[in-house]
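Below: the structure, in structure tokens.
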Amino acid sequence: LGELADLFPGVPRLALTATADDLTRADIVRQLRLGSARVFAAGFDRPNIRYLVELKDRPERQLLAFLRSRPKGEAGIVYRMSRKKVEATAQLLAAEGFVALPYHAGLGAAVREANQERFMREEGVVMVATVAFGMGVDKPNVRFVAHLDPPTSLEAYHQETGRAGRDGLPAVAWMTYGLGDIAMLRRLVTMDSGVNSRFEGGEGGGESRERRERLKQQKLTALLGYCETVNCRRQVLLRYFGQELPEPCGNCDICLT
């Protein structure tokens, strides 16, 4: 897309993204050759969202305990890493009396559309999904977003948890994580970089691949730091995006317990 600067030198260009840290924003400006373009970044704080993180130990049982601690009939999203896990978790929740629907790229388009429509229109539906679910989802009264597997970065986490509480009322972002999850994500990053390298030609391709992998590994390290922090989670999360919160938030598991 950087070539657009040469192809249409007099045409204004605008680059938009949902959630990006300082490094990513700088990379967008550099890659798209936007030069001295102005950068507009809104605040990242969602004070109505309560952040809760648990060490993973029989995650399905932990999820059931979390859901049963919530008021009945709440709408929510449960993110899982794979299609197989999505199907298994949706079946488990349905067997336990919840209205739970699966959503992943392996389902037919008609099934995905029908499930998303039910989630948007009905009350009390729990959508169990991969990250294929989320773009364009703007249901205001999602009361919780649960991650049974950690996402790949704090950007992804902020974007996915931000689908909760868009009506401004209290909501919860709940996540379980294990060191095994982080190790698997690190392997996936390395494999992904190896696959992408086959499609990169020309001078500097290897350097670009190494830089991209290093950046993704740094993002995973930051995510692990967020999971394992003993400080206010909101302060850690906002600091990652270059925003300082002067006092602990009082609305995360670290502050509360």
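The values are calculated or read from the model by the stated rules, or taken from the named source; none is laboratory data. For clarity, every value in this text was computed on a predicted model and none was experimentally measured. All Cβ positions, glycine included, derive from the backbone under ideal geometry; neighbour counts span all protein chains shown. Ligands, DNA and RNA are excluded from the accessible area calculation, which covers all protein heavy atoms including side chains. Shrake-Rupley method; radii C 1.70, N 1.55, O 1.52, S 1.80 Å.
Below are the figures for this structure:
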item: FRET E, pair residue 247, residue 208, Förster distance 51 Å, beta-carbon r, rounded to 0.05; result: 0.80
item: Relative contact order of the chain, defined on C-alpha pairs under 8 angstrom at six or more residues apart (%); result: 23
item: Estimated D of the chain in µm² per second, where Rh is the Kirkwood radius over Cα pairs and Stokes-Einstein applies at 20 °C, 1.002 mPa s; result: 107
item: Solvent exposure of the chain as accessible area per residue, Å², 1.4 Å probe; result: 55
item: Kirkwood Rh in Å, taken over the range 27-146 so that all alpha-carbon pairs contribute; result: 16.3
item: Backbone N within the range 32-47 under 17 Å of label point (7 Å from residue 13 Cα along the Cβ vector); result: 32-40
item: Net charge, residue 106 excluded, C-beta distance under 11 Å - Lys, Arg +1, Asp, Glu -1; result: +2
item: Proximal lysines to residue 216, defined as alpha-carbon separation beneath 29 angstrom and excluding residues fewer than eight positions away on the same chain; result: 56, 84, 85
item: Heavy-atom accessible surface of the chain: percent carbon and sulfur, 1.4 Å; result: 55
item: Under 5 Å, built H, 5+ apart or other chain: amide partners of residue 54; result: 175, 176, 177
item: Three-way shape label, the range 81-154, alpha-carbon gyration tensor, a/c 1.5; result: rounded
item: Student exercise, the chain dipole from Lys, Arg, Asp, Glu Cβ charges, in Debye to nearest 20; result: 260
item: Neighbour net charge for residue 94 - beta-carbon separation under 14 angstrom, K R +1, D E -1; result: -2
